[in-house]
Amino acid sequence: HSAAYAMISYRTAYLKAHDPVEFMTALLSSEMGNTDKLVVYLEEVKRMGLAVLPPDVNASQAAFTAVDDRTIRCGLGVIKNVGLGAIDSIIRARETVGRFQSIAALCREADLRLVNRKVCESLIKSGACDSMGCSRAALLARLDQAMEEATNLQKDRRRGQMTFFETLTPADASGGAAVPSPLRDWPESQKLAFEKTLLGFYVSGHPLARYAQTIRTLSTATSQQLLQMEDGATVTVGGMLTKVKHTTTKKSNEQMAVCVLEDLEGDVEVLVFPKMFPQLAPALKLNAVVFVEGRVALRDDRPRLVAQQVVPLEQGASRLAQALELVLRTPGMERQLLERLKEILARFQGSVPVYFRLELPGEGSMQLRLAEGFRVEPRPELLDELGQLLGWEAIVLKRQLARPRLDKPLERVLG
């Protein structure tokens, strides 16, 4: 038994190392019905430096496909409300007439008994029709008229009748080419919300992308890492509250809340029990980006987070961090860099101490604490400036105060 698993591990590791696109494409296709696993595998794909393209009626098959040695295309089968019969009809029509230049062309050529309005709406909202050259809002606004015209046309075809427009070439026929529409497209947040609803994950972007560095810096775990945590462990997870449900306990009829916190790797259910509800309720707002500090509760192999603190993103650094550490490498560390650091730190004065960790070639590292006058308030603006100057990997927000090896040795340099 162990030998068999060892052989499988060896072979799959070999394939992942030598044929990463083909291996990950097969892996994704094998889990198309399991959104939780798809999210994990898609994160791994990105970590490997591979690109994932959204589903496309003009390019996708039913399952995931390898485009080239660095790119994977999502299959139409990942879109909710789009069945295999509809997908087969779309692919057959595409192979017969070529690319669909408009939503009207798709409705005209696909079998509307399979590719109905709900299917077309799901294709548009998931981004699978973006290659038609119109905004998603414009495509959806055109859909009802396109379906009505195509329905009448297909009825005539089944009766053996031919209309005037069918004698024209596709380029000349009405609706054969995309017509730019002045209709304003949906905001990015709405487009991403539709993608998440219909695909179960984000492809064209992520609403947390702009907060990614702050979330990674302050979080002690991700939603996926909770699976490896011990029951009762205390962690901090940053993300967006995608569900907030206020309810009452059965026994005492006290108020509590059940929420879903979504981070960059997945989501986790958050429980706010009656004891903490009055204190935490003001921060429990739908689509709010927050840090939840709490206790891991394992049940049925699916972890939950029992909230002890909910901190809005903009207050995360100042309320959670107890020290700011900057990693500096002595080669190339010039006075100009130190002067720039002094200027940045002086603009964000606060109560959090600042440490330098000097990386010394061949000698390890040395931690140095700056003078009391260089304590800061680690607001997102400060972290952004430091990230641009030093690189985000050089910024470490400490949850516990460290004991430095040397105290205030840089006062003469910075003060």
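The values are calculated or read from the model by the stated rules, or taken from the named source; none is laboratory data. Values in this document were obtained by computation on a predicted structure and should not be read as measured data. Counting neighbours? That spans all protein chains shown, and the Cβs are built from the backbone with ideal geometry, glycine included. For accessibility, only protein heavy atoms count, side chains too; no ligands or nucleic acids. Shrake-Rupley method; radii C 1.70, N 1.55, O 1.52, S 1.80 Å.
If R₀ is 41 angstrom, what is the calculated FRET efficiency for the pair ARG184 and TYR10, using the beta carbon separation as r and rounding to 0.05? Calculated transfer efficiency: 0.15. Amide H contacts under 5 Å for GLN309: GLU293, restricted to partners 5 or more places along the chain or on a different chain, H placed in the peptide plane at 1.01 Å from N. With 0.36 nm allotted per residue and the present C-alpha distance subtracted, the GLU381-LEU298 stretch has 26.2 nm of extension available. Largest to smallest in accessible area, the residues ASP19, ASP36 fall in the order ASP36, ASP19 (1.4 Å probe, all protein chains included). How far apart, in nanometres, would the label points at ASP69 and LYS398 be if each is projected 7 angstrom from Cα along the Cα-to-Cβ direction? Distance between label points: 4.6 nm. Computed on protein heavy atoms with a 1.4 Å probe, the accessible areas place LEU298, LEU27 in the order LEU298, LEU27, largest first. Can you give the calculated 222 nm mean residue ellipticity of the chain, where each DSSP H run of n ≥ 4 adds -39,500 (n - 2.57) and the sum is split over every residue, rounded to the nearest 500 deg cm²/dmol? My calculation for the chain gives -11000 deg cm²/dmol from helical runs alone. Each part gets one Cα centre, and for the range 252-277 versus the range 5-72 those centres are 33 Å apart.
May I ask you to derive the FRET efficiency for ASP231 and ASN253 from their Cβ-Cβ distance with R0 = 25 Å, giving the value to the nearest 0.05? Efficiency, rounded to the nearest 0.05: 0.35.
Protein heavy-atom surface of the range 27-71, 1.4 angstrom probe: 51% of the accessible area is carbon and sulfur, with nucleic acids and ligands not counted. Give me the distance between the Cα centres of the range 84-162 and the range 189-228, rounded to whole Å. Their Cα centres are 32 Å away from one another.
Label sites at GLU44 and GLN279, each approximated as a point 7 angstrom past Cα along Cα to Cβ, lie 4.0 nm apart. Computed from backbone phi, the HN-Hα couplings of the range 141-149 come to 5, 8, 4, 4, 5, 4, 5, 5, 5 Hz, rounded to whole numbers (Karplus: 6.51 cos²θ - 1.76 cosθ + 1.60, θ = phi - 60°; Gly and Pro given as x).
Compute the FRET efficiency between SER351 and ARG329 as 1/(1 + (r/R0)^6), taking r as their Cβ-Cβ distance and R0 = 25 Å, and round to the nearest 0.05.
It comes to 0.35.
Close amide H pairs (under 5 Å, H built 1.01 Å from N) link LEU53 with ILE72, ARG73, CYS74, residues at least 5 positions away or on another chain. Taking the Cα centre of the chain as reference, the dipole from Cβ charges on Lys and Arg (+1) and Asp and Glu (-1) amounts to some 820 debye. Computed with a 1.4 Å probe on the full set of protein chains, the accessible area for SER29 sits at about 40 Å². Distance between the 7 Å Cα→Cβ label points at THR151 and GLN322: 6.6 nm. Taking LYS285, LYS250, LYS275 and ordering them by how much accessible surface each has at a 1.4 Å probe, largest first, produces LYS250, LYS275, LYS285.
Diffusion coefficient (Stokes-Einstein, Kirkwood radius over C-alpha pairs, 20 °C, 1.002 mPa s) for the chain: 84 µm²/s, rounded to a whole number.
Each Lys or Arg adds one and each Asp or Glu subtracts one; over the other residues with Cβ under 10 Å from the Cβ of LEU305, this totals 0.
Take every pair of alpha-carbon atoms less than 8 Å apart whose residues are at least six positions apart; their mean separation over the length of the chain yields a relative contact order of 9 percent. Pairwise Cα separations in the range 177-242 fall into 10 Å bins from 0 onward with the following percentages, short to long: 17, 34, 30, 11, 6, 2. Take 262-273, 346-357 and order them by the average number of nearby Cβ atoms within 10 Å per residue, most first; the result is 262-273, 346-357. Shown in residue order for the range 122-136 are the 3J(HN,Hα) couplings computed by the Karplus curve 6.51 cos²θ - 1.76 cosθ + 1.60 at θ = phi - 60°: 5, 4, 5, 5, 7, x, 6, 10, 4, 6, 7, x, 10, 5, 5 Hz (x for Gly and Pro).
Given a 1.4 angstrom probe, I'd like the percentage of the accessible area of the range 235-329 that is carbon and sulfur, rounded to a whole number. Result for the range 235-329: 46 percent of the exposed heavy-atom area is carbon or sulfur. In this structure, the amide hydrogen of ARG329, modeled 1.01 Å from its nitrogen in the peptide plane, lies closer than 5 angstrom to those of GLU359, counting only residues at least 5 positions away or on a different chain. The mean accessible area for residues of the range 1-100, using a 1.4 Å probe and ignoring ligands and nucleic acids, is 53 Å² per residue.
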